[in-house]
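A.B. asks: Below is a structure I'd like to ask you about.
The values are calculated or read from the model by the stated rules, or taken from the named source; none is laboratory data. Note that the coordinates shown come from a computational prediction; the quantities given were computed from them, not determined experimentally. Note that each Cβ is placed from the backbone with ideal geometry, even for glycine, and that neighbours are counted across all protein chains shown. What goes into the accessible areas is simple: the full protein's heavy atoms, side chains included, and nothing from ligands, DNA or RNA. Shrake-Rupley method; radii C 1.70, N 1.55, O 1.52, S 1.80 Å.
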Amino acid sequence: MRKGLIQATDSFERIVHWSLAVSCLILCLSGLGMMFHSLNFLGEPFGGLKSLKYIHNITALFFILALFFTVSMWWKEAGVFVFPEDLDWIKCAGGYLWHVDKVPEVGKYNPGQKMFFLVVAAGGVAMIFSGLIMLFPLHIPAMIVRLMYLIHAAGFVAIFAFFFIHLYLGTVGSPGSLPAMLTGWVSRPWLKKQHAKWLKEMEEHGTLVVYGEEKSSSHGHHG
Amino acid sequence: MAEYVKLIDVSKCTGCRGCQLACKQWNAQPAKQTENHGTYQNPPDLQANTWTLIRFQEIEEKDGKLKWLFRKDGCMHCTDAACVKVCPSGALYVTDIGTVGLNRDLCIGCKECISACPFDIPRYDRKTDKVYKCDLCLSRIKADLIPACAKACPTGAITFGEKGKMIEKAYARAKELGGDASVYGDKFVGGTHVMYVLDEKPGVYEHLPKSPSVPLSVILWKDIMKPLSLLAAGGVIAGSFLHYIIHGPKLPDEETGQEQKGGE
Ligand code: SF4
Ligand code: SF4
């Protein structure tokens, strides 16, 4: 860790994030293995496609847990849009798509991240709900079960695509972002560029945690 | 190979259930103790170990007399088989005589076929975590024998033969019967390989869909969503790449002084 870095996430956030990410990835891969005959071989290392089914179903339990913590921990910060600044940000696409002289300053999460959060939350709930019915379909009218398969597939379309957007913007698309989820410490210029409002808020409230600076505030805690 | 069809002429069926038993015997499926439900139909429904079943049904005729309907239920061996379309493991497959086979070693017990089948045929067994259904005695047909049920039927209600001939035979028989008699099976799901000659209108028979089809949700799921998932992901990856080389990543503004050399 370098002096002057600022803490963006605490360890609980990072653990929850990676639990969700890893379980989601395993679900995507094992799901793909069952979705496409040409990918059936993904089950081979585990002893066949049936093992993939068990892996999928058991991982789903971890996913449910991780999603629960994700939503309860972030919905206040990432699930609520603040007007008008979020709208202004959306109007200029956050400066991601074309040149914008002055991108509106955002807090801890920008509207793009908020949308991502909402898709993950809503999509995740839809996947859990439809998946549970697919797992126990025998006493439910076939019409409804079929609909669940459709929802599960539609949810996958959204989540799979969003996964790559997230991967891109969390790494090469926005250099400096990745440490926020790895070590939790980010650089001040990055924070100023990406979440200027949040930086100001933390400074005002004295909650800013700067590496190597002993005293930051009464609320501050070192990770 | 030529396509084959099993024709069930319900007007000739006496409800003896010889076919039901022959099926159990050939496929070595044990019987299960059942309870009397106030009908001769037994067992009450298709089961993981009962792949064909005579459905008993009482209807009232115009003159007030009671009539008994017997219909041998079981897999229809659809040409456009919804079960094959959804089966993730390839356990369900179309055989070279047009029937739908089931390779139980491959079945992973996901039950997707159960909700997809428009005829409500596949049955799940918890003990083996697999699904079961009639395979039209594929092993017998390959050995040049007719299906066990057709062999056992004492009245000639079940016959088996080359597809074109059986369809001809079915229409001739329906014409002979006259009245409400009709042929069931050649007009939907691409044509089934189990067909009926029904002497009542199709809607009269319990558990028999009037115009079955591959469910719309199955088509949307398999033909639209499945390719779309790859397309969307591919589009996003391509889009990200284009974004990177055209617009470029979003970099922090360099501040004079301390942070420059870091190059995060
Ligand atoms: S009747 Fe059902 S189980 Fe049989 S082939 Fe058609 S869809 Fe498959
Ligand atoms: S339960 Fe078995 S036969 Fe049915 S769709 Fe799943 S793998 Fe295929």
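A.B. asks: List the DSSP H helices in chain A whose Cα atoms stretch 18 Å or more along the helix axis and whose mean Kyte-Doolittle hydropathy is at least 0.0.
C.D. replies: Result, helices passing both filters: A:11-35, A:49-78, A:111-135, A:142-170.
A.B. asks: Further question on the same structure: In a shell of Cβ-Cβ distance under 13 Å around B:Gln25, excluding B:Gln25 itself, what net charge do Lys and Arg (+1) and Asp and Glu (-1) give?
C.D. replies: Spelling it out: positives minus negatives among the neighbours equals +4.
A.B. asks: Let me ask something else. Over what distance in Å are the Cα centres of the stretch A:56-71 and the stretch B:52-114 separated?
C.D. replies: The stretch A:56-71 and the stretch B:52-114 have Cα centres separated by 37 Å.
A.B. asks: Roughly how big is the protein assembly as shown's charge dipole about its Cα centre, with Cβ charges of +1 (Lys, Arg) and -1 (Asp, Glu), in debye to the nearest 20?
C.D. replies: Charge dipole, the protein assembly as shown, about its Cα centre: 1280 debye, nearest 20.
A.B. asks: While we're here: Pairing the Cα long axis of helix B:226-246 with the longest principal axis of chain B, what angle in degrees results, from 0 to 90 and rounded to the nearest 10?
C.D. replies: 10
A.B. asks: Now for a separate question. Give the lysines whose C-alpha is closer than 24 Å to that of A:Lys76, dropping any in the same chain fewer than 8 places away, or say none.
C.D. replies: Output for A:Lys76: A:Lys91, A:Lys108, A:Lys114, A:Lys192, A:Lys193, A:Lys197, A:Lys200.
A.B. asks: Another question, if that's okay. Bins of 10 Å, beginning at zero and ending with the bin holding the largest distance: percent of Cα pairs per bin for chain B, please.
C.D. replies: Spelled out bin by bin, chain B gives 6, 25, 30, 16, 7, 5, 5, 4, 3, 1, 0 percent.
A.B. asks: Let's see if you can work this out: charge +1 on each Lys and Arg Cβ, -1 on each Asp and Glu Cβ, no other charges. What is the dipole magnitude of chain B about its Cα centre, in debye to the nearest 20?
C.D. replies: Taking the Cα centre of chain B as origin, the dipole is about 1160 debye.
A.B. asks: Same structure again: Would you mind getting the Kirkwood hydrodynamic radius of the protein assembly as shown from its Cα pairs, rounded to one decimal in Å?
C.D. replies: For the protein assembly as shown, the Kirkwood estimate is 26.8 Å.
A.B. asks: Hey, which aspartates and glutamates would be in cross-link range of B:Lys6, C-alpha to C-alpha under 14 Å, not counting anything within fewer than 8 residues on its own chain?
C.D. replies: B:Asp73, B:Asp135, B:Glu162, B:Glu168, B:Asp186
A.B. asks: While we're on this one: For B:181-190, what's the mean count of beta carbons from other chains sitting within 10 Å of each residue's beta carbon?
C.D. replies: Mean partner shielding for this stretch: 0.
A.B. asks: Over chain B, average the accessible area per residue using a 1.4 Å probe and give it in Å², no decimals.
C.D. replies: 50
A.B. asks: Okay, moving on. Which of B:Asp63, B:Asp129, B:Asp73 moves most in a GNM of chain B, Cα contacts under 10 Å?
C.D. replies: Maximum among the listed residues: B:Asp63.
A.B. asks: Turning to a different aspect of this structure: How large is the charge dipole for the stretch B:79-202, taken about the Cα centre, if only the Cβ atoms of Lys, Arg (+1) and Asp, Glu (-1) carry charge, to the nearest 20 debye?
C.D. replies: 260
A.B. asks: Can you pull the percent of the stretch A:12-184's accessible area that's carbon plus sulfur, 1.4 Å probe, other chains left in place?
C.D. replies: The C+S portion of the solvent-accessible surface of the stretch A:12-184 is 80 percent.
A.B. asks: Still on this structure, please answer the following. No partner Cβ under 4.7 angstrom, meaning no disulfide-compatible partner by this rule: which Cys of chain B qualify?
C.D. replies: So far as the 4.7 Å Cβ criterion goes, B:Cys13, B:Cys16, B:Cys23, B:Cys78, B:Cys87, B:Cys107, B:Cys110, B:Cys117, B:Cys137, B:Cys153 stand without a partner in chain B.
A.B. asks: From other protein chains only, count the Cβ atoms within 10 Å of every residue's Cβ in B:213-225, then give the mean.
C.D. replies: 4
A.B. asks: Also, quick follow-up: As I understand it, the value is the acute angle between the Cα axis of helix B:163-177 and the longest principal axis of the Cα atoms of chain B; what does it come to in degrees, rounded to 10?
C.D. replies: Roughly 50 degrees, rounded to the nearest 10.
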